[in-house]
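A short write-up of the structure that comes next.
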Amino acid sequence: MLAFGQPYDLLLKGGHVIDPANNIDAIRDVAIARGKIARVAADIPAGQARRTVDVQRLYVTPGLIDLHTHVYLKGRSSTVVADDAVLPHGTTTIVDAGVAGWKTFDDFKSTVIDHAQVRILAFLNIVGSGMHDDQSKENLVADMDPRATAAKIAQYPNILL
C-alpha cells in the first residue's frame, strides 16, 4: 500500500547521472514529480517517493536529441514513426533531416509533428516537394525556391532550423 504525502512520484536511485548543462557527472538520485525532474541529489530517501527504481550501474541522462531522422511519412520510404523509434531509447527530441519541403511542410506538421509525443524539429528542404525515393526529383532546380523556403522557416521559427 502506498503511503500518502510523498513529494515524488518516482525516484531513480543510484544511477550515474550525466548532465552537462548542470555540470553533473556523478552517482546521484533523480526524483520526479508530476512528470518533471524535481530534485537531483546524492542521497534522496526512498520513503519520499511513491515508487523507487534501482538504477545502479546504469546511466541517467536528460532527454537525448537525435539530430538526423526521417519522420515525414509521406516523403522517403526510409522514414520511421517518430514515437516508436525514439522514446523507448531515451530520445525526447528529434530533428527531421529535410524530408519535407516548403510545399509539403504544413502537411508534415499537421499529420506528424502535431500528433507526436516526441518533440520534432526539422530542417526544411529547399526543394518544394521535399525528399523522394526518386532522387532525380530532389534535384529539380525549378522546384527550388529560396524565398518560399525562407518564408516557411519564418512562419515556424520554433520548429524549423
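Remarks
- Order of VAL112, VAL95 - criterion: other Cβ atoms within 10 Å of each residue's Cβ, fewest first: VAL95, VAL112
- Gaussian network model of the chain, springs between alpha carbon atoms under 10 Å - residue of VAL71, VAL99, VAL30 with greatest fluctuation: VAL30
- Angle of helix 146-155 to the longest C-alpha principal axis of the chain, folded into 0 to 90 degrees and rounded to 10: 30°.
- Within a straight-line Cα-Cα reach of under 20 Å, LYS74 can be paired with the following lysines, leaving aside sequence neighbours fewer than 8 residues apart in one chain: LYS103, LYS109, LYS137, LYS152.
- Computed over the chain with a Gaussian network model linking Cα atoms closer than 10 Å, the most mobile of ALA97, ALA49, ALA142 is ALA142.
- Between the amide H of MET144 and those of GLY128, distances stay under 5 Å, these residues lying 5 or more places away or on another chain, with hydrogens modeled in the peptide plane.
- Answer label, with Rg and Dmax of the Cα atoms in Å calculated from the coordinates and candidates (1) 31.8, 91; (2) 20.8, 67; (3) 14.5, 47: (2)
- In straight-distance terms, cross-link reach from LYS13 covers every one of the lysines whose alpha-carbon lies under 22 Å from its own, apart from those fewer than eight places away in the same chain; here that gives LYS36.
- In order along the stretch 7-14, the Karplus-derived 3J(HN,Hα) couplings, from 6.51 cos²θ - 1.76 cosθ + 1.60 at θ = phi - 60°, round to x, 10, 7, 9, 10, 8, 9, x Hz, and Gly and Pro are given as x.
- Based on DSSP H segments of at least four residues, each scored -39500 (n - 2.57), the chain has a per-residue ellipticity at 222 nm of -4000 deg cm²/dmol.
- The stretch 25-35 - phi-based ³J(HN,Hα) in whole Hz, Karplus 6.51/-1.76/1.60, Gly and Pro as x: 8, 7, 6, 8, 9, 10, 9, 10, 9, 6, x
Only the coordinates and a few stated rules stand behind these numbers; no lab work does. Because the structure is a prediction, the values reported are computed rather than measured. Cβ coordinates were reconstructed from backbone atoms using ideal geometry, including for glycine residues, and neighbour counts include every protein chain displayed.
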